[in-house]
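Okay, so here's the structure we're looking at.
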Amino acid sequence: MSFNFGGFISGLSKQIVSDIEREKAKQDQFDLLAEQEATKLRLANAAERRKQRKADADNMAFLKTLGFSDAKAQWIMKGGANSVQMYANFAQTAMESGIDPDTILKSNLINDDHNDPRNEANLEAVKNAAIGRPIGVDPSNPYSLNLSVVKRPEDEENLEISSIATGYATSLNQRLSVKNKFGIDSEEYKAADSNVTYWKNEMENDPSKTADTLFNKDSRETIIKNARSYAFQEAGFKYNIETGIVQVIAGKRGPQAVASLEAAGEIALAANPTPNFSDDVLMARAIGIQKRAERDLSSHAKAVVNKTATAETQKFGYNKTKIDDTGKYVIGSFAQALKDGDGGKLKEGDVIIVKQKNLDTGVIEFRIKVYTGIPRAETPLGIFDTFYDAGVYSTPNQ
């Protein structure tokens, strides 16, 4: 039987045509589906654009009712929904204090970067500066405050100083708040600390600029409460940050005084961040807290070593000076006490009598020390140390 080559070619041609037609039908179907999807996408995009235009129109009208000009409202909207909300919140509070929000945005406090956290910090500082105005300030001119934030050509130098001061004040309170809420090792605290460092660097970069007022009445109180809150809670006390009242525990006067001393140091550092910027009012408050804490520590220490402390105090076992078989103190070196402190053998409020050389007279003295646990550091209030010196031990009664 011979092979019909012509028939084979004819059949192959029909098969090829059929395959081509099927592929074309598939492609037509694909193109149809693609066109349908493209139409849906165009309709969705058009709906989204209409929705966005409606939202933009609503936001524009909203911002304008809050006192922002068209130009400033458009700039705010470029930052997105979060930006609109932030500046709207600011405007509502600012107007209640007689502040024109649009004027603030024209000042050099606000930069073009919507994501710069200093913008929000400075807006908060503006609101804080308007609270608790001193008597005699013209209510029709809220910008006559010492912490002015409005750009005035005749007051350009004071504006720059005040901008730094308000930025620092606000960032500092934010850091203290974050410290209480998240702890000193948190990422939130590191970010807040970075912001404080920025403003301190701004102060230090030009030592010719000085300011003796960094805070207003409200921000000072916030710093004090935040510093005390952290110190007392770290020491195991309950503290009401709204009222400023600390939990009193019978017999724990020493640890409570240690917490107050630590808070005083934190407040003083806030009040005097650089040699050329200081807040004398806040510093006076820090000194007052320090003096009270030191009086309490001295009283606590002497009562412990003289064995006149209350029963509530004695039950905590603060007296860490060794006693021999006859009931007399065996007084060791201060160096050994330091080792015991570093080794975790002492707790806050513990009292010990040590031998220590008086560097002025060269005489070996018996001195009363209270363990604070505060890392040695130099503060505007002087040197803070892991031991507080409560004076010479001279009472023979044991």
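Couple of notes before you dig in:
- Potential extension, E378-I331 segment - 0.36 nm per residue separation minus Cα distance: 14.0 nm
- The Cα atoms of region 310-392 give a gyration tensor whose axes a ≥ b ≥ c have a/c of 1.5 or more with a/b no greater than b/c, which makes the shape oblate.
- In the structure shown, the pairs K179/K347; K225/K357; K291/K328; K64/K181; K291/K322; K291/K320 are assessed against 28 Å; a Cα-Cα span above that value is assigned to K225/K357; K291/K328; K64/K181; K291/K322.
- Fewest-first sequence of V281, V196, V370, V305 by Cβ atoms within 10 Å of each Cβ: V281, V196, V305, V370
- Extended-chain gain in nm, criterion 0.36 nm per residue less alpha-carbon gap, L359 and N240: 38.5 nm
- Take the Cα of L41, step 7 Å toward its Cβ, do the same at K347, and the gap between the two points is 6.9 nm.
Values quoted throughout were computed directly from the atomic coordinates according to the rules given, and no laboratory measurement underlies them. Here the structure is a predicted model, which is why all the values come from computation and not from measurement. Glycine also receives a Cβ, built like all others from the backbone with ideal geometry; neighbour counts cover every protein chain displayed.
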